[in-house]
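The values are calculated or read from the model by the stated rules, or taken from the named source; none is laboratory data. Since we're looking at a predicted model, the values are computed, not measured. Positions of Cβ are backbone-derived with ideal geometry, glycine not excepted, and every protein chain shown enters the neighbour counts.
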């Protein structure tokens with residue numbers, strides 16, 4: 001059985017009242033995700049939903065020509081697979097692991113049954129969905145109106161909030177896919193942040209050296225998303 005304290009690494013599970021948490025505990029299983037692992041594909045069906053603990057999962061939309069861009073990301077603040085309780089049935093996007101680590105999984109049927117019961121669990125899932133919609137909407141605005149450097153700062157800060165470590169292992173190609181830009185654009189933006197002393201970027205390893213400098217450079221989109229998550233999920 002899952003050790004009792006593990007799910008508390010996910011903010012949604014940690015926010016559950018103790019009786020509800022104890023009831024769900026036998027249905028929760030720890031899993032590990034590798035960098036670049038595909039959690040689900042567009043149009044696919046899920047047997048499980050996933051509550052990330054130390055991993056981050058990107059929600060991507062891929063065009064017919066193979067190009068892609070990140071719509072949003074989920075870490076220890078949320079759940080992967082909202083279509084299962086929102087009534088969609090199949091996944092409207094692709095989910096790819098952007099930062100390797102752990103997660104807690106629950107069978108899809110169990111989640112749907114618990115959601116139908118109402119109560120705190122349903123409330124938390126709906127609040128998270130509202131926060132995620134805000135993130136997706138703000139990402140669309142940011143990708144249209146702000147510089148690649150600002151987008152990269154937003155992405156780094158949101159990721160940093162969810163993993164709580166200063167070093168991220170991430171290939172240049174994956175970053176470009178997340179932001180929906182050319183690799184050369186990522187190179188230039190990362191170079192500017194490195195010259196400013198905000199990050200160190202070497203062979204797929206990004207180390208945040210000065211978070212305050214990232215916060216000074218980032219556009220308002222980061223705080224809009226962060227404030228909404230904090231308001232809805234505490």
| request: Report yes if some residue within segment 21-30 is in a loop (DSSP other than H, G, I, E, B) and surrounded by 22 or more Cβ atoms within 10 Å (Cβ to Cβ); otherwise report no. | output: no
| Residue among 61, 40, 50 that alone is out of contact with any helix residue (DSSP H, G or I) (no Cβ under 7 Å at 6 or more places or on another chain) and modelled with pLDDT of 90 or more | 50
| note | Reported set for segment 152-177 where residues are buried (at least 21 other Cβ atoms within 10 Å of the Cβ) and either in the same structural domain as residue 49 (by TED's automatic domain parsing) or free of Cβ contacts under 8 Å to residues at least 40 places away in the same chain (or both) is 175
| query | Got at least one residue in segment 163-181 being in contact with a strand residue (DSSP E or B) (Cβ under 7 Å, 6 or more places away or on another chain), at pLDDT 90 or above and assigned to a helix (DSSP H, G or I)? | reply | no
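So, in segment 54-75, exactly how many residues are part of a loop (DSSP other than H, G, I, E, B) and buried (at least 24 other Cβ atoms within 10 Å of the Cβ)?
Here is the first cut: in segment 54-75, the residues part of a loop (DSSP other than H, G, I, E, B) are 54-55, 63-67, 75.
Then keep just the ones that are buried (at least 24 other Cβ atoms within 10 Å of the Cβ); that gives 55, 75.
Residues that pass the stated criteria total 2.
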| note | Restricting segment 182-200 to residues that are in contact with a helix residue (DSSP H, G or I) (Cβ under 6 Å, 6 or more places away or on another chain), modelled with pLDDT of 90 or more and buried (at least 19 other Cβ atoms within 10 Å of the Cβ), the one nearest to residue 102 (Cα to Cα) turns out to be 199
| field | Selected residue [under 13 Å from the mean Cα position of the chain (by Cα), outside the structural domain of residue 156 (by TED's automatic domain parsing) and surrounded by 22 or more Cβ atoms within 10 Å (Cβ to Cβ)] from 49, 96 | value | 96
| remark: For segment 84-118 the number of residues that are in a helix (DSSP H, G or I) and modelled with pLDDT under 90 is 3
